[in-house]
Every structure is written in C-alpha cells, then in structure tokens.
Amino acid sequence: MKKTWLLGLLAFAGFQLSAQTEAETFREIYSQALTEQQGYEWLRELCSMGPRFAGSDQATASVLHFKAKLDSMGFETRLQAVKVPRWVRGPQEQAWLIQGIDQTAMAVTALGGSIATPAGGLRGNVVEIPSFEALDSLDLKGKIAFFNIQMDPSFISTGYAYGSAVKQRWAGAIEASKKGAIGVVIRSLSSSINKYPHTGSMAYADEVKRIPAAALSTFDAELLSKSLKKDPGLQIKLQMACEWQDSVYSYNLIADLKGSSKPNDVIVVSGHIDSWELGTGAHDDGAGAMHALESLYLLKEMGFKTKRTLRMVWYMNEEFGLNGARVYAKAAKSAKEKHVIAIESDGGGFTPKGFSIDASDEMVEKLKAYRKLFEPYGIYQFSKGGSGADIGQLKNDDIILIGLRPDNHRYFEVHHSALDNINSVNAREFTMGSASLAALIWLMDRDDLCVGCKS
Ligand SMILES: [Zn+2]
C-alpha cells in the first residue's frame, strides 16, 4: 500500500517535472527568438535585394546569396534546378477613364501571364460584371469586360473572402473572351479600398482568343463603377507592354540539419522564395521562407538535437505555376525519401494564431493536446484543414501536413501589391511565427508524433 502511494507520488512529481520542462523549453525558444530577432534581419536583407519574381535574376540571386549564408552556418545545403516560365511585366502600365474630353488616370497592373495591349493602347466601352452568374445575359462583343466582384467582407476569414472572388482573376479573361470581349479589367483582390492594384496569375484557354487582362485598384474599381452608373457610354483605355519569353532555369534551396537517431525520417519546414514584383514579397512569402529558416536556426543555435532530419525547403515559383514544389515532390518520391511531417508558412508574417492540419482525425486530436502549451503565446487554433499549395504536392497517407495560420485581417491589403514590403511586417509579430514553428517541431519530434513513428 505504502509502495503504491510512493510510486504514485513519484509519477506525479515526474509528470509535474516533464510538464514544467516543456513549458520552460517553450519559454526559452520564444525568449531567444524575440530577443534576437535574427529572422527579421534576414527578411530585411532579402527584401533589400528587390522583388523575386520567378525567372528573374533577383530570384536566383537571392537563393544563391542565402545558400552561401546557410553553408557558413553549418547547414548541409543543395540547389535543385527548376525550370520556370518567364513573363515580364514591361514598363509603364497605364489606364484612363475617358468621359468626353476628360481623362482620369487609374491605378492598374497587368495580371501575371497577360498578353500586351496594342502599342497605342486598347480603348473601348465597358460592361460591368457583378458576378459570374450575371455573365450569361450580358453582351460583351467589342467591349472591355469589367469584373467588379468584391471580396465578401462578411467572412471572418479573409482567405475565404479571397476564395469567393478570385475566379475573376484566373478565369475572367477566358469567360469574357468567349462572349466577344476585347480586354478585361478586374477589381483588385484587396480587402480594403486603396489605390494599389494587386496582381496575381491568370489563365488563358487554348481554344479561346487571348485578350489583355489587368487589375484596377479597389479605389478605381469603385470610381469606374460609379461613373458607369452615371454615364454608361464612357470608355476606358488600357496600355500594357508585358510579354512572354523563353523559360529559364532557377532553383529550389534545400538545407538539412541531420537527425541524431532517425536521419532518414525527414521533417520539412518550408515557404516559397519567389514573389510577385510590384512589392518585394515581404509577407508573400519572404516571411514564410524566413519562418522556415529561423525556426531551424533557433533549434540549432539553442542546441536541440532532433531525432529526425530537419529540412528547410524554399520552393521556386509558387506564384506562377508551383514548379518548385512539383520538382521537389517528384525528386523526393523517386529517391524514396521518407517525409514524416511537412510544414509550410505562406499566410504572411502577421501574429500567428495556430495551425491548420491535413492529417487523420487521430493525429489532429493528438496535436490538439499541445494547445495548452501554446496558449500563453496566443496560439490556439489546431484545426483540421488545408495546409499549403507547396507541401500539398507531398500529400499521402503517411505524412502530416501543417500550415502556419497567422492573423489574416490585413494580409489581403498587401498581398501581391506594392504594399507587400518590409515596412508592412512587424518584427515581433513575424518572430512569433518562427518561434511557434520551432516549438512545434521540437515537440512533435520528441513525442514521435508522426505516422508509424512510435516505436
Ligand atoms: Zn504565397
């Protein structure tokens, strides 16, 4: 009886000790990250090199620059060649609202992949399209189609709001051209009214005539819509000199920290290194790339030895074709590499709120048990859901896919626009993301929390 009591006490003390140790470890990781803020300095350095549109010299230069840095820090690095499309925006994108002799300049940008307008510009009458359902009854012959579909502000998640409106960007040119339109302008996918146009990839269909496609700032979309109500005969003029060139080679960057006892089990922590070129991709996805790097750097610097190999991957060209992620997944499969966990940060550098988990219900439940450890740091979301476009390429039954979920209320104000620069990233908010990833990786590796990992 006495013995049982003693064992119970020891077990209780042991539990207390291990619980305290976890909390202490978390505190150490977050303290170190917030005190040092090394990742933010790297992000600043990355952004100072300019935009990193896939196929551009800067995109490749930034990969090579950080490869050398990681080599000197003791990571095992390698480059992985990726063939990427090359589309160049060209100089001076312009649009005017024309009413009689009055011409009002509007803020515009070509959608990624668009053809150019004729050299003298494209001028025409405008038909406003409030929804794809309304398209059937509209005559667009010889007109410029104006998709004015707002990101639904009633959604709590701006990601869902984006999803509710993004079709106009990728399918607008195809659908408008089928109805005879000569060009298309869309309302920028922005959650606020501002004068910055937001770009993003668009598509053409083989059998449908290609027409120029651009995005107006939300401010100018409102202006055009109001002006059309007063004067349906008004015209707009669009001038863009973008062009397609031959595909080029660039690289994914891979950096390993070898695991101590299970080096063949790989935990990927990743983001995409390419960005759009209106800003410098500080949030999308410089922040994610640096979250990946800083989380591994923190564990290494603080002397945590993981059982499994930690691998940072920076994918080249998420924005304009997912080429890097596809190349990475294909190579990993043919080399029969065992990926047990893949984490992606591609939601910006805002305050992290939690994780979205693409795994079995059982695994999601196990991860939810970590919530109490993370709550003091404002991390409470452990929900089943999509992870990310890049790591989605690795999906199978034996891998846990996890997306970092930062606060998203401001993300779509800057996303794919000139506002996505280092000034829009707060160092502490960003750093909380790196620390959260480091803490999660440490915990999952320690607890063997992956499919078939419990020995
Ligand atoms: Zn992104």
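The values are calculated or read from the model by the stated rules, or taken from the named source; none is laboratory data. Please read all numbers here as calculations on a predicted model, not as lab measurements. Every residue, glycine among them, receives a Cβ derived from its backbone with ideal geometry; neighbour counts consider all protein chains shown. Remember, those area values only see protein heavy atoms, side chains included, never the ligands or the DNA or RNA. Shrake-Rupley method; radii C 1.70, N 1.55, O 1.52, S 1.80 Å.
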Residue-level accessible surface for ASP265, protein heavy atoms, 1.4 Å, Å²: 20
Trypsin sites (Lys or Arg not before Pro) within region 96-184, DSSP loop, no more than 16 other Cβ atoms inside 10 Å: LYS141, LYS179
Within region 197-330, percent of DSSP bridges classed antiparallel, to nearest 5: 40
Ranking by accessible area, most exposed first, for MET202, MET312 with a 1.4 Å probe: MET202, MET312
Solvent exposure ordering (accessible area, 1.4 Å, most first) of LEU46, LEU122: LEU122, LEU46
Unmatched cysteines, the chain - criterion: no other Cβ of a Cys under 4.7 angstrom: CYS47, CYS242
Dimensions in Å of region 178-272 - Rg and Dmax from alpha carbons: 22.0, 72
Rounded if a/c under 1.5, otherwise prolate or oblate - region 281-356, Cα gyration tensor axes: oblate
Tilt relative to the chain, helix 2-36 - C-alpha long axis, 0 to 90 degrees, to 10: 40
Among ILE236, SER334, GLY183 the positive-end extreme of the charge dipole of the chain (Cβ point charges): SER334
Convex hull volume per residue for region 278-404, taking Cα atoms only, in Å³: 122
FRET E, pair TRP244, LYS209, Förster distance 22 Å, beta-carbon r, rounded to 0.05: 0.85
Area accessible to solvent at ARG44, 1.4 Å probe radius, in Å²: 110
Within the chain, helix-based [θ] at 222 nm, where runs of 4 or more DSSP H residues each add -39,500 (n - 2.57), nearest 500: -11000 deg cm²/dmol
Net charge dipole size for the chain [Lys, Arg +1 and Asp, Glu -1 on Cβ; Debye, nearest 20]: 560
Evaluated at q = 0.11 Å⁻¹: base-10 log I(q)/I(0), Debye formula over Cα of the chain: -0.86
Listed residues PRO352, PHE382, PRO85: farthest to the positive end of the dipole of the chain (Cβ charges): PHE382
Dipole magnitude of region 100-259, debye to nearest 20 (Cβ charges: Lys/Arg +1, Asp/Glu -1, about Cα centre): 240
Percent antiparallel among DSSP beta bridges (both partners in region 341-453, rounded to 5): 45
10 Å beta-carbon shell around VAL63, net charge (K/R +1, D/E -1): +1
Distant alpha-carbon pairs in region 92-241 (separation over 28 angstrom), percent: 11
Cβ-placed point charges (K, R +1; D, E -1), dipole of region 405-455 about Cα centre in debye, nearest 20: 80
